[in-house]
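Student: Here's a structure for you.
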Amino acid sequence: MALEITIPRLGWSMEEGVFVEWLKAPGEFVRAGEMVFELEGEKAAEEIESFDSGYLCVPSDAPGPGATVKVGQVIGFLLAEGETPPASVGKAPASSSPASSTPSSTSASAMATAVTPVVSPFPVKMPLAPAVPVAARSIPRAAGPAARRLARELGIDLNAVFTPDPDGRVLGEDVQRAAERRRRSVQPESSPLIATPRARRRAKELGVDWTQLPGTGRNGRIRERDVNSQRMATAGNQVHLPESAPITPGKYTPASKLRRILAQRMHAGATQPAPVTLNTTVDAAPLMAYRVRHKSLTPEGPVPSFNDILIGLAARTLRDVPELNACWYRDGIHAYDAIHVATAVDTPAGLLAPVIRHADQLSIAQIAERTRQLIVKARAGRLNQTHLEGGTFTVSNLGMFGIDAFTPILNLPQAGILGVGRIFEAPVVRAGRLEIGHTLTLSLTFDHRVIDGAPAARWLQHYCELISQLATEHTLPVSEEMPSA
């Protein structure tokens, strides 16, 4: 029987994507693990891996390049040799292949998963699950790409995973709970909590622990409105009024998918935490002199930008003052073990914030090279989800647009973001004398739930001290140099 190729969910909030292209030609044999098509998700394009093997069949009514596709939508098939190809993606007819008449070759989902084209900085420590032949595989459970990937890494059988979702779809947290039960040899509870998929997604978005909520649905099922009610109770019963309609005629342009996601994230960053912004002005002469010295020391290589240097200083400050390298989670503070700095990049599609991983362990030259690669990929639309996930702090620089200062919005789940303004001429006092120098305005927005004003001010003070120390430093000290991506 033909194996369906369906659209995977690249992110927990993804409901649809854009089909980019097939990476295999119709009729070409596809092996399990090979890339079969490219899909654009919420912010990035991913190459999608096939879980099965067979000859690629693309019916005439399959979506073409640029078409919008829904999660779970069938876009093609994998066929055995000699199998009759389906005429439509809407319905796959029974195969005339002799092998298809046996019970062991029942239809299997060709659900695919996104793979990262770069080497992950987090090596997998758990053994991968042994491969199961297609002919011996039963109909797999519905699961997202992340859950399937995690199940393979942990050696978990998806068919044996308990899910509290009514539709039985396996999520990553379900796989983790199954792995924990296996380690502890604990069976699932006889009366588990039940939550709808919309309730679980909403709880994850708002940072609410749905397992602690009373359910108002049938048999105590937790619904989305239960999560919203809990959020309103913890937020002081704030009521969100409907948005105002335009007061004069004009042209309406629907927002792109990326713009809608940015709007949701910016609204969450401004309303969910307790944001406070600290502003200060620092003498930029050491920063400018450091860049000139770096250029003279490496005349053949790329010259780090001011933003590259400031990212390195931010990573070093997070290492020295780690209270800001954290987030608010489940009525507590989650302190991150690693330092991954995101940097805001303006692209034709919208604002993106690719992540420089382990930035505190990189030299300025490595940060400059890593940043350059990410900016090129971002503006070409070639970033994948891994490039955009995992940031623990963000640096946003608008100085190149002539902006003196601004109030940056937190990028959840992070507790801090540094806004950088332009370097401009201004009166400065040096050794008791008034001179014309160059100054730089910094704006630190932090989540007051995670850190108080005094330690946040000490973080910004230490950051300014590191800038002043650049007058005598030729390179930024690093604990370990990481290879560039």
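Student: Working with all protein chains in place, sort Trp328, Trp22, Trp210 by solvent-accessible area computed with a 1.4 Å probe, largest first.
Tutor: Trp328, Trp22, Trp210
Student: Once you order the gyration tensor axes a ≥ b ≥ c over the Cα atoms, which shape class does the range 357-475 get: rounded for a/c under 1.5, otherwise prolate or oblate by comparing a/b with b/c?
Tutor: Details: a/c = 1.77, a/b = 1.41, b/c = 1.26.
Cα axes put the range 357-475 in the prolate bin.
Student: Report, by chain and number, residues whose modeled amide H sits under 5 Å from the one on Gly76, excluding near sequence neighbours (fewer than 5 apart, same chain).
Tutor: Answer set, sorted by chain and number: Ile5.
Student: Now a separate question. Report the FRET efficiency, 1/(1 + (r/R0)^6), for Ala270 and Val376, where r is their Cβ-Cβ distance and R0 is 45 Å, rounded to 0.05.
Tutor: The pair Ala270/Val376 has a calculated efficiency of 0.90.
Student: Moving to a separate point now. Only loop residues by DSSP count here, and only those with at most 15 other Cβ atoms within 10 Å; note down the chymotrypsin sites (Phe, Trp or Tyr not before Pro) in the range 24-84 that meet that.
Tutor: none
Student: Is the range 279-332 best put as rounded, prolate or oblate by its Cα gyration tensor, with a ≥ b ≥ c the root eigenvalues, rounded for a/c under 1.5, and otherwise prolate when a/b is larger than b/c, oblate when not?
Tutor: Since a/c reaches 1.5 and a/b is larger than b/c, the shape of the range 279-332 is classed as prolate.
Student: Can you list residues from other chains, or at least 5 along the same chain, whose modelled amide H is less than 5 Å from the amide H of Ala342?
Tutor: When sequence neighbours closer than 5 places are left aside, the close amide H contacts are Ile356, Thr392, Phe393, Thr394, Val395.
Student: Let me ask something additional. How would Asp337, Asp331, Asp447 rank on accessible area, largest to smallest, probe 1.4 Å?
Tutor: Asp337, Asp331, Asp447
Student: Extension gain Phe424-His334, at 0.36 nm per residue separation less the Cα-Cα distance, in nm? Walk me through the numbers on the way to the answer.
Tutor: Values: separation 90, 0.36 × 90 = 32.40 nm, distance 3.79 nm.
Between Phe424 and His334, full extension yields 28.6 nm more.
Student: To continue, here is another question. Measure off 7 Å from each Cα along the Cα-to-Cβ vector at Asp452 and Arg260, then give the distance between these two points in nanometres to one decimal.
Tutor: 4.4 nm
Student: Based on the Cα coordinates of the range 263-362, what is the per residue volume of their convex hull in Å³? It would help to have the intermediate numbers written out before the result.
Tutor: Details: hull volume 15.5 nm³, N = 100.
It comes to 155 Å³ per residue, whole-number rounded.
Student: Additional query: For the range 339-378, what does the alpha-carbon gyration tensor say about shape, rounded, prolate or oblate, given a ≥ b ≥ c as the root eigenvalues, a/c under 1.5 as rounded, and a/b over b/c as prolate?
Tutor: Verdict is oblate for the range 339-378.
Student: How about the range 304-409: which GluC sites (Glu not before Pro) there are in a DSSP loop, with at most 15 other Cβ atoms within 10 Å of their Cβ?
Tutor: Values: sites: Glu323, Glu369, Glu389; in loops: Glu389.
Counting only loop positions with at most 15 other Cβ atoms within 10 Å, the GluC sites (Glu not before Pro) in the range 304-409 are Glu389.
Student: Counting only protein heavy atoms, what percent of the accessible surface of the range 1-75 is carbon or sulfur at a 1.4 Å probe?
Tutor: It is 49 percent, rounded to a whole number.
Student: Here is a further query. Got a sec? What order do Met1, Met400, Met35 fall in by accessible area at 1.4 Å, biggest, i.e. largest, first?
Tutor: Output order, biggest surface exposure first: Met400, Met1, Met35.
Student: Enter the accessible area per residue of the range 419-469 (Å², integer; probe 1.4 Å; all protein chains in place).
Tutor: Per-residue accessible area for the range 419-469 comes out at 46 Å².
The values are calculated or read from the model by the stated rules, or taken from the named source; none is laboratory data. These numbers come from a predicted model, not from an experiment. Positions of Cβ are generated from backbone atoms using ideal geometry, with glycine treated the same way; all protein chains shown enter the neighbour counts. When the accessible area is computed, the model is the full protein with side chains, heavy atoms only, and any ligands, DNA or RNA have been set aside. Shrake-Rupley method; radii C 1.70, N 1.55, O 1.52, S 1.80 Å.
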